[in-house]
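Trainee: The following block contains the structure, expressed as structure tokens.
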Amino acid sequence: MQFRPLLQHLCFVAMAVSIETVGAKLAYAIETLSEITVTAPRKPLADQINSPQMLDEEDISIAHERSIADVIQGFPGISSSKVGGFGQIGALNIRGAGGQGMVTLDGIPLLQSVPGFLNLDTLPTEAIQKAEIERGPSSAYHSFQALGGAIRLYTQDRQDTGGKLSVEGGSFGILRETLQSGVNGTLGRMTVTLSRADAFDGAPLANPANNPERDPSHFTQGIMRFSSDLTSRLLWQGSMLYRKSGASTDKFGIDEQGRVAFQDDPNSAASEETWLAQNSLSYKVASNWNTHLQLGFTQLANSVNAGPLQNGVTSRLFLANWSNTHTIIDNDKQKLQWHVTWGGQGRHEQGASPTIGFSQERTMASGYIDTQAQHGNLSAEAGVRVEHFDQFGDHTLFKTAAAWQITPNLTIRASGGTGYRLPSFTELLFLFFGNPQLKPERSASGNLGLEWYPVTGMKITLNGYYHRYHDLITPAYDPHRGAISLNVADASVAGMELESQYASTDSLDTGISYTYADNRDLNTDKNLPLRPQHTARVWGQQKLTHLPITLWAETVIRSATWNDVANTIPVNGSVQVNASIRYALSNNAEIYLRGENLLNNRTPQVYSIYMPGVAVYGGFRLDF
């Protein structure tokens, strides 16, 4: 049976000889082309050093999930606690810390709805073009020094003229519509995204056993973003958001355990109105010097009418951020880079609560310098930032980081830094939930990790970290008062984050992430509230080869945690399964069906707050 391979080789040799002979007779010349090397785009130096997790538009819209909060649940290092169904608020933290400044939109912070809680359900995924998730301390040039990490969101900025329409409906009487339109011309480009969502038959907030009343929610939002090249060196861009939302809620009462808990009240309601705007100019002063100026404003006014809780807080923030980047060395061939960034920032905040007759203002001014360099396979960063507060004095913060690319497929990274955050006016002024005695929180942290590509299509990241917090600001539950905000004098969060993604074929993509976090009050040796010790997420996506169908599913697992700082009222562990199927009618249109909480898990993530069961939604998307 060995003669067939031998025969094939002889045939190939004969063919080669024949071609050469014929070519010689016809005087043809055969030219050997030089090899062509294709090189992947170089990562920005800051990303080589810190390796933030980047989500593009496809990552965000992969399953047609409703909000960015749904997209990132179960991600490494991120812990979230949902309050009720769609349209309600939720707690969010990274490596044990949260608060105002952790989530920004086009560089401007999203203000808190109530102390420790954001309303990210009113920010649909269709409005977000990309997201950057950074774990650990931020670089010195970032406007907001989020203590545990940061989530930076960027609104849609279409590069072409066209639009998109998305409509979804389903369980709990939910109807969502998003219309996006973009224009690109000689003067620049503009994108407008309009969204409306209604949960006409929203899930109950309090325990449905004694709560026949549903709690609907509604919101309207408009976002505009533009960009214009005024000259070959000067770029002007900006964005603006307006959002108005309202939701039915319940009042506080006493449950059968004698604890403060939500009770049915058809007359209770909450509302909020948000404005956010920013303008920036980027100017290329010289071939190696870029300067950037951003001016921003945001305001959130909320109102709550829930039995004895009658409250309203208005928060405003004005921001000026000036940044300069000098490229001193940039030699890609020899892997030599050196960048220096310096600048200053100013921030003015106002807070008022007519209910308690309180108003206050405060101002911060800061300066910073940050340098990033690469020499061969070693890159590093060092930065320092000095902040001056008119009421809290001066504070010096630093950030250092290094990365070593041991092989093309293996990189190890280390970083360390400090952080400082004032309590927001919502945390100070919100009646009952807030605490006017809150102190600023401080942090010091370190991180050691690796990024490994063991085989083609697979990426593994592993990080170990330790964060030490002083006067950590956290929401918690008090049996006699309900939801509260407090300082934990000394706290630590130590843990490990693992994430693996594997694309075995062009049509199959799978991944798993796991977070272990020891969240501890160092004075009492108790666990910090609302922070599970274990969080895991398993997901997969399959594109069928012969049909225009994409299947997607995920499972998110949360271990048990505690509602209160004394660790007496548990939050049980939970498992949530979500799935979707997409059918592409054409290159410009698709329909989909999505199921949420398919195991019908009703485990409350906050004391006395009902969690909705299984839900099914269907919708379509049309590009034009």
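The values are calculated or read from the model by the stated rules, or taken from the named source; none is laboratory data. Note that the structure is a prediction, hence the values are computed from the model and not measured. Quick reminder, even Gly has a Cβ in these numbers, built from the backbone with ideal geometry, and neighbours come from all protein chains shown. To get the accessible areas, we keep the full protein, side chains included, count just its heavy atoms, and leave off ligands, DNA and RNA. Shrake-Rupley method; radii C 1.70, N 1.55, O 1.52, S 1.80 Å.
Trainee: Would you mention how many residues in segment 582-599 are open to solvent by less than 70 Å² (accessible area, probe 1.4 Å) and either farther than 18 Å from G90 by Cβ or touching a helix residue (DSSP H, G or I) at 6+ places or on another chain (Cβ under 6 Å) (or both)?
Mentor: Count: 8.
Trainee: If you don't mind, another one. Return the residues of segment 226-273 that are in contact with a helix residue (DSSP H, G or I) (Cβ under 8 Å, 6 or more places away or on another chain) and closer than 19 Å to S113 by Cβ; say none if nothing qualifies.
Mentor: Scanning segment 226-273 gives R243, S245.
Trainee: Give all pairs with beta carbons closer than 6 Å in which a residue from segment 278-293 that is in contact (Cβ under 8 Å) with a residue 40 or more places away in the chain meets a residue that is surrounded by 14 or more Cβ atoms within 10 Å (Cβ to Cβ) and aliphatic (A, V, I, L, M); count only pairs at least 6 apart in sequence or on separate chains.
Mentor: Final answer for the pair search is Q278/I108; N279/L295; L281/L293; S282/L235.
Trainee: Here's a check for you: in segment 305-315, which residue that is over 27 Å from the mean Cα position of the chain (by Cα) and of a type in the set (A, V, I, L, M) is surrounded by the fewest Cβ atoms within 10 Å (Cβ to Cβ)?
Mentor: Ranking the qualifying residues of segment 305-315, first place goes to L309.
Trainee: Further, regarding this structure: Just the residues that are of a type in the set (V, I, T) and open to solvent by less than 20 Å² (accessible area, probe 1.4 Å), please, taken from segment 206-248.
Mentor: I223
Trainee: Could you check, for segment 351-365, whether at least one of its residues is open to solvent by 40 Å² or more (accessible area, probe 1.4 Å), in contact (Cβ under 8 Å) with a residue 60 or more places away in the chain and aliphatic (A, V, I, L, M)?
Mentor: Yes: one or more hits.
Trainee: Restricting to segment 272-298, name every residue that is open to solvent by less than 70 Å² (accessible area, probe 1.4 Å) and among the small types (G, A, S).
Mentor: A277, S280, S282, A286, G296
Trainee: Report, by residue number, each residue of segment 441-500 that is touching a Gly at 6+ places or on another chain (Cβ under 6 Å), closer than 24 Å to Q605 by Cα and of a type in the set (S, T, N, Q).
Mentor: Once the filter is applied, which keeps residues that are touching a Gly at 6+ places or on another chain (Cβ under 6 Å), closer than 24 Å to Q605 by Cα and of a type in the set (S, T, N, Q), segment 441-500 yields only S485.
Yes/no matrix, rows are residues, columns are (1) assigned to a strand (DSSP E or B); (2) among the hydroxyl-bearing types (S, T, Y):
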| site | (1), (2) |
| --- | --- |
| I412 | yes, no |
| T418 | yes, yes |
| G434 | no, no |
| L448 | yes, no |
| T456 | no, yes |
| Y465 | yes, yes |
| H470 | yes, no |
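Trainee: Applying the selection to segment 195-205, what residues are crowded, with 16+ Cβ neighbours inside 10 Å and within 25 Å of the chain's Cα centre (by Cα)? First the steps, then the outcome.
Mentor: Taking segment 195-205 first, the residues crowded, with 16+ Cβ neighbours inside 10 Å are 195, 197-199, 202-205.
Answer for segment 195-205, where residues must be crowded, with 16+ Cβ neighbours inside 10 Å and within 25 Å of the chain's Cα centre (by Cα): S195, A197, D198, A199.
Trainee: Could you please find all residues in segment 347-366 being out of contact with any Phe, Trp or Tyr (no Cβ under 8 Å at 6 or more places or on another chain) and at pLDDT 95 or above?
Mentor: Across segment 347-366, the qualifying residues are E361, A365, S366.
Trainee: Just a yes or no: is a residue in segment 390-399 open to solvent by 40 Å² or more (accessible area, probe 1.4 Å), within 24 Å of E497 (Cβ to Cβ), of a type outside the set (V, I, T) and in contact (Cβ under 8 Å) with a residue 40 or more places away in the chain? Spell out how you get there, then give the answer.
Mentor: Quick first cut of segment 390-399, residues open to solvent by 40 Å² or more (accessible area, probe 1.4 Å) only: 390-392, 394-396, 398.
Now drop any that are not within 24 Å of E497 (Cβ to Cβ), which leaves 398.
Then keep just the ones that are of a type outside the set (V, I, T); that gives 398.
From the residues that got through so far, the ones that are in contact (Cβ under 8 Å) with a residue 40 or more places away in the chain too are 398.
The answer is yes; a qualifying residue exists.
Trainee: What's the total number of residues in segment 92-117 that are assigned to a loop (DSSP other than H, G, I, E, B), in contact with a Pro (Cβ under 9 Å, 6 or more places away or on another chain) and open to solvent by 10 Å² or more (accessible area, probe 1.4 Å)?
Mentor: 4
Trainee: Hey, could you check segment 537-556 for residues that are touching a residue at least 60 places away in the same chain (Cβ under 8 Å) and of a type in the set (A, V, I, L, M, F, W, C) and say which is farthest from A63 (Cα to Cα)?
Mentor: Filtering segment 537-556 for residues that are touching a residue at least 60 places away in the same chain (Cβ under 8 Å) and of a type in the set (A, V, I, L, M, F, W, C), the one farthest from A63 (Cα to Cα) comes out as V556.
Trainee: Out of curiosity, is Y502 open to solvent by 50 Å² or more (accessible area, probe 1.4 Å) and in contact with a Leu (Cβ under 9 Å, 6 or more places away or on another chain)?
Mentor: When the stated conditions are applied, Y502 passes them.
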